[in-house]
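Heads up: the structure comes next, in structure tokens.
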Amino acid sequence: MTTKNVDKTGVGKPDSRDYTKKRSQLKLIMYRFSKNRLAVLGLCILCVLALCAIFADVIADYQTMAIKQNIMNKLQPPSAEHWLGTDQYGRDIFARIIHGARISLTMGIGTVLTSLTIGSIFGALAGYYGGKVDNIIMRIMDVFLAIPNMLMAVTIVGALGGGLVNLLIAMSISSIPRFSRVIRSSILSVRDMDYIEAARACGTKDSRIIYKHVLPNAIGPIIVNATLSLANTILSISGMSFIGLGIEKPMPEWGSMLSEGRAQMRYHPNLVIFPGIAIALAVLGLNLVGDGLRDALDPKLKN
Amino acid sequence: MNDVLLSIENLHVTYRTDEALVYAVNGVNLNIMRGETLGLVGETGAGKTTTALSVMRLLPDKIGKIEQGKIYLDGLDITAATEADMRAIRGNIVSMIFQDPMSSLNPVLRVGEQIAEVLRIHNDKLSKSEVDRRVDELMEMVGLPKERKVEYPHQFSGGMKQRVVIAIALACEPKLLLADEPTTALDVTIQAQVLAIIRELKEMLNTSMLLITHDLGIVAENCDRVAVMYAGEIVEMGTVEDIFEEKDHHPYTVGLFGSIPDLDKNIDRLTPIEGMMPDPTVLQAGCPFYDRCPQRMDICNTEKPAEVMKGTHMIKCHLFSNVEKAANVEKVGEV
């Protein structure tokens, strides 16, 4: 019966195309992304920063170059020995910047991952179930949204005390509402699709529908938002460190380097220019990649 | 009555929207035997899909509600089952083919994965390789090369997507298949192929089917029995022969057949049924077809007609109530 069926319809004929090769959406997205030159530039910047962060210890030793004070060497201009000069304690600025990249990037990614995970859970529940659940979750988020991001982070750090972990917690809490908003809205647009109902008609559990059918279809805006808010977070972390609420002192961090170099700004501008450039490059790179991803992930924008 | 697979008794379904209470289904009675195909025909908004969704208990959350009536599937009362029970039933004992194959497949999952999902949900014990083998089987069963299971839905044509949907629906060999206008979104040649596949598989697996459609040709070709639905009520039900060949009909059925253009004659205009379906937010006291009926009587506006049985043929119309009384008298006389 089956063979008869196949013959009649004609689609069962042997086919020379190679279907085992996995042709995927990913390839298409990568292609669209690679056509966007600015986005590729952003990706290159990010890669360089990431490599610096990963191999920071190989490039410059943390203890002897980034932390150890050497008053004899203080406030040197850029030279062959100290590429970007030294600060008022005689520490190598280049070494501090690449070790600072480590902190900025890990803290940024850590914050975004934490708030993305928690925000996804809240947003998905609110968007998928709607009604009362939606109302309760989103009104609580609204309360959090009413407080400015930075003020909120400052308050939480003030309450918990300084330090990396507390900073991460503070930054995460203050960006959860934004994530759950975005995720809720993209889930709302997927929730009523026919394939969700079809999945329900197969006896699929709600948790599985959310995880397997709803979230993957709503992932585009989520990725874009995560990339863009990573830039924001790095900026906020620098800001927090600048006002002294971020990391503890000898640690190299871009924001705190700016803050420490403020006094010498007029005579030794390299103290603030280079950390400033580092922040700007990281944020620029992330924004370019975020924009590129948005264009690559949204099939409606392709030309 | 062991042969009855699905029995719907006096089903009433309402939709509670912000503006009004919509009476979608008003007292539907129907039975489907094992291995039988019942065609459910009627115009848009008659409550055909709502009836099918009630059987799956998939009426829209908080809006659609079964107000009254019982649905028995294989002896189990669907209206009283828990949500967990329903999940075990959906896809396993009763499954549904939706109208639009373009949108009823998840665009980000490979089709093989989607077929495998329903198998895994209902069979914990199947190993990975067994699921794989079964997916291959199902793909071939609906006439798709099994190599294409690694592709995504957008790489398939409409007819092929509907085949995938059929494979998913039949993966667990359900006892009942609810096909909600399975061919409406397809062109006529593909329609014929898809229907042929459904018919063959149905016979092979001895599945019962509720075929919802507004194409009377499809009904004549595929169904054993036909139910004509109008404004949430079944106005006429019988075997295909009863509906297509008998001379006694509900005036709505007459109108329905009258609106099919005759191929042999030269006609300028189609002959539709005059008027519109009654407002579904108002519960009709009498026959819902009263306003449009060419043979209406005074009683039709005030009193609901009874279901008049004549052998296998049921007509819900006052025109035939007297006939039934007469027939009953005759029967009594014979006994």
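The values are calculated or read from the model by the stated rules, or taken from the named source; none is laboratory data. The shown structure was predicted, so the numbers you read here are calculated from the model rather than taken from an experiment. Virtual Cβ from ideal backbone geometry, glycine too; neighbours counted across all protein chains shown.
Observations
- Within region B:251-289, considering residues that are in contact (Cβ under 8 Å) with a residue 12 or more places away in the chain and not in a loop (DSSP other than H, G, I, E, B), the one surrounded by the fewest Cβ atoms within 10 Å (Cβ to Cβ): B:F257
- Looking only at region B:162-173, residues that are crowded, with 23+ Cβ neighbours inside 10 Å and more than 9 Å from chain A (Cβ to nearest Cβ) come to 5 in all.
- Annotation: of all residues in region A:209-248 being in contact with an Asp or Glu (Cβ under 9 Å, 6 or more places away or on another chain) and part of a loop (DSSP other than H, G, I, E, B), the one that is farthest from A:A124 (Cα to Cα) is A:I247.
- Residue in region B:297-314 that is among the basic types (K, R) and modelled with pLDDT of 85 or more present: yes
- Residue check, B:N26 outside any helix (DSSP H, G or I), away from every other protein chain (no Cβ under 11 Å) and touching a Pro at 6+ places or on another chain (Cβ under 9 Å): yes
- Region B:137-151, subset at the interface with chain A (Cβ under 7 Å from one of its Cβ atoms) and not basic (K, R), residue nearest to B:M204 (Cα to Cα): B:M141
- The set of residues from region B:121-133 being more than 10 Å from chain A (Cβ to nearest Cβ) and either under 22 Å from B:R199 (Cβ atoms) or in contact (Cβ under 8 Å) with a residue 40 or more places away in the chain (or both) comprises just one member, B:N123.
- Number of residues in region A:249-281 that are surrounded by fewer than 24 Cβ atoms within 10 Å (Cβ to Cβ) and part of a loop (DSSP other than H, G, I, E, B) equals 8.
- Residue that is nearest to B:T17 (Cα to Cα), among those in region B:54-91 that are touching a residue at least 40 places away in the same chain (Cβ under 8 Å) and in a helix (DSSP H, G or I): B:S54
- Elements of the type helices (runs of 4 or more DSSP H) sitting completely within region A:130-200 and holding at least 1 residues that are away from every other protein chain (no Cβ under 14 Å), of a type in the set (S, T, N, Q) and crowded, with 17+ Cβ neighbours inside 10 Å: these cover A:149-160, A:164-191.
- Among the residues of region B:279-295, those that are under 21 Å from B:M237 (Cβ atoms) and in contact with a helix residue (DSSP H, G or I) (Cβ under 7 Å, 6 or more places away or on another chain) comprise B:G286, B:C287, B:F289, B:Y290, B:C293, B:Q295.
- Screening region B:117-142 for residues that are modelled with pLDDT of 90 or more and in contact with a Leu (Cβ under 9 Å, 6 or more places away or on another chain) and picking the one that is nearest to B:M160 (Cα to Cα) gives B:L138.
- Any chance B:I93 is facing chain A (nearest Cβ under 9 Å), out of contact with any helix residue (DSSP H, G or I) (no Cβ under 7 Å at 6 or more places or on another chain) and among the β-branched types (V, I, T): no
- B:R133 closer than 25 Å to A:D194 by Cα and of a type in the set (D, E, K, R): no
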